[in-house]
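In what follows, a structure is listed as structure tokens, so that the remarks can point back to it.
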Amino acid sequence: MLVQVLKSKILRAETTDARIDYEGSLAIDEDLMDKVGMLCYEKILVGNINNGERFETYAIPAPRGSKTFSIRGAAAHLGNPGDLLVIMSFAMVDDAEAKNFKPRTITLAEGNSKIIKSQNAIL
């Protein structure tokens, strides 16, 4: 049997901009994607801490070190610059592996200035 588990999570990512006139996606600083093992074009679930909105989209890399979290396309209606996001990706694993599976997670400080907490992330 396969079960879906949390694979990657970026917590308290501050939205840097929202661009409606763009093909839909969420642009994420590529350095931070690497730290949690998030892949380009990977499906993600995004929760907006400020307004409670949740949406699915896909991750695309923003320039390394930019601290960018840019909501794009129709999803840009669901967030504003400064909103805090929880960004999650998931994996299908067999139930035996799921029992010991550990997601890679990071929590960001205000302004995406630094990582203040990590679990299993590549730092």
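The values are calculated or read from the model by the stated rules, or taken from the named source; none is laboratory data. All of these numbers come straight from a predicted model, not from anything done at the bench. Don't worry about glycine lacking a Cβ; one is built from the backbone with ideal geometry, like all the others, and counts go over all protein chains shown.
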Could you grab the pairs with beta carbons closer than 9 Å, sequence gap of 6+ or different chains, first residue in the range 60-85 and in contact (Cβ under 8 Å) with a residue 24 or more places away in the chain and closer than 16 Å to Ser113 by Cα, second one of a type in the set (Lys, Arg) and in a strand (DSSP E or B)? Ser70/Arg19; Leu84/Arg12; Leu85/Arg12
Name the residues in the range 96-123 that are of a type outside the set (Val, Ile, Thr), surrounded by 14 or more Cβ atoms within 10 Å (Cβ to Cβ) and outside any loop (DSSP other than H, G, I, E, B), would you? Ala98, Arg104, Leu108, Asn112, Ser118
Residues of the range 1-58 satisfying the condition of being of a type in the set (S, T, N, Q), part of a loop (DSSP other than H, G, I, E, B) and surrounded by 15 or more Cβ atoms within 10 Å (Cβ to Cβ): Thr15, Thr16
Residues of the range 59-95 being assigned to a helix (DSSP H, G or I) and either modelled with pLDDT under 95 or closer than 18 Å to Tyr41 by Cα (or both), which ones? Gly73, Ala74, Ala75, Ala76, Asp95
Filter the range 72-94 for residues that are closer than 19 Å to Ile106 by Cβ and of a type in the set (A, V, I, L, M); which is nearest to the chain's Cα centre (by Cα)? Ile87
